[in-house]
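Have a look at the structure below, then the notes.
The values are calculated or read from the model by the stated rules, or taken from the named source; none is laboratory data. Please read all numbers here as calculations on a predicted model, not as lab measurements. Every residue, glycine as well, gets a Cβ built from its backbone with ideal geometry; the counts of neighbours run over all protein chains shown.
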Amino acid sequence: MPENYKLVFDAVIIKQLKKLAKDKPTKQTVSKMLDKIEELGPIAGKILDSQLHIYEVKANRPPIRLYYKVSENPKEAYIFEYEMKTSQERQNTTIQRIRGKSKP
């Protein structure tokens, strides 16, 4: 049986998850997304940056994007944050901020 990825949470996502406790449908969606990342790692989402190994998982209802980075040795998935789908400009801003956090 393949080993699951260990989830490592950024400070931003921890704050978001605490606020999420009040919104059950969104909480369930994010929980399913995290389970999928834990089980599948990089193939759970779409790659956004191949050099930094940053990925995105999308959900349609509610419209959410969740960003994460995968490390194969050790098998870890760093969860950065999630956001409601809005404009392309906001998504690009979020991706640039995550790239800044990911650089060595």
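If the condition is being at pLDDT 90 or above and either touching a Lys or Arg at 6+ places or on another chain (Cβ under 7 Å) or among the aliphatic types (A, V, I, L, M) (or both), then segment 18-40 contributes V30, M33, L34, I37, L40. Give me the residue from segment 75-85 that is at pLDDT 90 or above and more than 14 Å from Q16 (Cα to Cα) and, out of that set, surrounded by the most Cβ atoms within 10 Å (Cβ to Cβ). Checked segment 75-85; the qualifying residue surrounded by the most Cβ atoms within 10 Å (Cβ to Cβ) is A77. Figure legend. Inter-residue proximity from segment 58-81: first residues part of a loop (DSSP other than H, G, I, E, B), second residues exposed (fewer than 15 other Cβ atoms within 10 Å of the Cβ) and charged (D, E, K, R), beta-carbon distance below 9 Å, spacing 6+ or different chains. Indicated pairs: N60/K85; P62/D23; P62/K85; P63/K85; P74/K6; K75/E3; K75/K6. Taking every residue in segment 12-25 that is touching a residue at least 40 places away in the same chain (Cβ under 8 Å) and pairing it with any residue that is surrounded by 12 or more Cβ atoms within 10 Å (Cβ to Cβ) and acidic (D, E), at least 6 positions away or on another chain, the pairs with Cβ-Cβ distances below 9 Å are V12/E81; I13/E81; Q16/E81; Q16/E83.
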